[in-house]
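Please read the structure below before turning to the comments.
The values are calculated or read from the model by the stated rules, or taken from the named source; none is laboratory data. Predicted model, so just to flag it, every value in this text is computed and none were measured. In this analysis, Cβ positions are derived from the backbone assuming ideal geometry, glycine residues included, and neighbour counts consider all displayed protein chains. When the accessible area is computed, the model is the full protein with side chains, heavy atoms only, and any ligands, DNA or RNA have been set aside. Shrake-Rupley method; radii C 1.70, N 1.55, O 1.52, S 1.80 Å.
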Amino acid sequence: MSTLLQVVEACGIIAFACSGFVEARRKDMDLVGVFIVAFVTAFGGGTLRDMLLDRRPLFWVEHQEYAILVFVLALLAGPFLPHLRSAVAEKTIVVADALGLGLFSAVGTSLAMEAQMPVFICVMMGVTTGIFGGVLRDVLCNQIPMVFRREQLYATCSLLGCTVYLLLEWLNMTSAFALISSILVTSVLRLLAVRKNWRLPG
């Protein structure tokens, strides 16, 4: 299970880093700005999670290859980002952010369960892990964080995905099945929310 968690976490880092790359380029940042925004987006949620769960060292310090991966991706992506059309960039951010939200929400819930946190705290830890990187990205890019806007469902998708994880664990499903199901529920719900314009009332 630990290997699967690392794979999922690495995929989440790549997904959120991609959303950070595109958003930084939309703001006409240079390569340094692109890397910093991508780094904060990829590691912000997991860092807050580790601090709240008192996990040391932080996950990206323990696995320095994660930070190296984001650095290399920034170098590789740099020459191509200015050529992205705005419509493509918008779709890229939405898809990458939905995947990152699902991946990190599931990992956060799993690690909170591993730390034997209460059920509600496990859900909140998953949601926090999923949304905080995007919050930092938007703040750095000088805009209201996506999760705080009266737009399509965002944190709610993470909340439902984390709940699915805990429910499947309670039903004695395998942890791997619960993890993957949670990722799919969160990511698909987010993409559907954008496509169908689902919003919370009022």
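Structure notes:
- Filtered residue count, segment 119-169, keeping only those that are out of contact with any Gly (no Cβ under 7 Å at 6 or more places or on another chain), assigned to a loop (DSSP other than H, G, I, E, B) and not aliphatic (A, V, I, L, M): 8
- Test: Thr47 is among the polar types (S, T, N, Q), free of Cβ contacts under 8 Å to residues at least 12 places away in the same chain and part of a helix (DSSP H, G or I): no
- Residue in segment 109-118 that is hydroxyl-bearing (Ser, Thr, Tyr), modelled with pLDDT of 95 or more and under 20 Å from Gly20 (Cβ atoms) present: no
- Segment 136-166: number of residues that are at pLDDT 95 or above and either open to solvent by less than 30 Å² (accessible area, probe 1.4 Å) or touching a Cys at 6+ places or on another chain (Cβ under 9 Å) (or both): 6
- The single condition among (1) over 30 Å from Val194 (Cα atoms); (2) crowded, with 20+ Cβ neighbours inside 10 Å that Glu65 does not satisfy is (2).
The rows are residues; the columns are (1) crowded, with 21+ Cβ neighbours inside 10 Å; (2) within 17 Å of Val139 (Cβ to Cβ); (3) aromatic (Phe, Trp, Tyr); (4) at pLDDT 90 or above.
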position	(1), (2), (3), (4)
Thr3	no, no, no, no
Glu9	yes, no, no, yes
Ala15	yes, no, no, yes
Glu23	yes, yes, no, no
Lys27	no, yes, no, no
Ile36	no, yes, no, yes
Thr41	yes, yes, no, yes
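- Inclusion of Met113 among residues that are assigned to a helix (DSSP H, G or I), over 14 Å from the mean Cα position of the chain (by Cα) and more than 23 Å from Leu31 (Cα to Cα) is warranted.
- Flag if Leu31 is open to solvent by 20 Å² or more (accessible area, probe 1.4 Å), touching a residue at least 12 places away in the same chain (Cβ under 8 Å) and in contact with a Phe, Trp or Tyr (Cβ under 9 Å, 6 or more places away or on another chain): no
- Of the residues making up segment 139-187, those that are at negative phi, polar (S, T, N, Q) and without any contact (Cβ under 8 Å) to a residue 60 or more places away in the chain are Gln143, Gln152, Thr156, Ser158, Thr163, Thr174, Ser181.
- Checking each residue in segment 114-134 for being crowded, with 21+ Cβ neighbours inside 10 Å and among the aliphatic types (A, V, I, L, M) picks out Val123, Met125, Val127, Ile131.
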